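The values are calculated or read from the model by the stated rules, or taken from the named source; none is laboratory data. As the structure is a computational prediction, the values presented were derived from the model and not from experiment. Here the Cβ is made from the backbone with ideal geometry for all residues, glycine too, and neighbour counts use every protein chain on show.
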């Protein structure tokens, strides 16, 4: 099982305890210009207490999809990292992306489903 690296662990910006054995974490990648786009845009993980990765968030943002079509050779225009994770009063999990997309997260699968947009 793959683990978060020591560097990734040092960049954890937010963490939400899911259970005594699982934590949802947001890695701050805002200053990381050399990360592959897939890692930059999927900076939310579910890990266990030893930082073993259970899943890395899945799903591409609408911003990234459009940018890949319009600017296929310009990776900088395609970035859309997650900037916030939270849990609502009903116990459901959400994440916001840099360009305003709001997603609901399936804690079982890591799938991010777009549910809205805000700035």
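Structure notes:
- Scope region 31-44; condition in a loop (DSSP other than H, G, I, E, B) and under 12 Å from the mean Cα position of the chain (by Cα); matching residues: 41, 42, 43
- Contact annotation: residue pairs with Cβ atoms under 8 Å, 6 or more positions apart or on different chains, pairing a residue in region 86-113 that is in contact (Cβ under 8 Å) with a residue 60 or more places away in the chain and on the phi > 0 side of the Ramachandran plot with a partner that is part of a strand (DSSP E or B) and surrounded by fewer than 15 Cβ atoms within 10 Å (Cβ to Cβ), are 110/58.
- Against the numbered list (1) under 22 Å from residue 102 (Cα atoms); (2) exposed (fewer than 14 other Cβ atoms within 10 Å of the Cβ); (3) touching a residue at least 40 places away in the same chain (Cβ under 8 Å), residue 46 comes up short only at (2).
- Residues that are in contact with a helix residue (DSSP H, G or I) (Cβ under 8 Å, 6 or more places away or on another chain) and at pLDDT below 90 were ranked within region 29-43; the one that is surrounded by the most Cβ atoms within 10 Å (Cβ to Cβ) is 41.
- Residue satisfying condition, being modelled with pLDDT of 95 or more, in a strand (DSSP E or B), in contact with a strand residue (DSSP E or B) (Cβ under 7 Å, 6 or more places away or on another chain) and surrounded by fewer than 18 Cβ atoms within 10 Å (Cβ to Cβ), within set 16, 85: 16
- Residue in region 61-82 that is part of a strand (DSSP E or B) and modelled with pLDDT of 95 or more present: no
- Residue in region 49-60 that is surrounded by the fewest Cβ atoms within 10 Å (Cβ to Cβ), counting only those that are assigned to a loop (DSSP other than H, G, I, E, B) and at pLDDT 90 or above: 50
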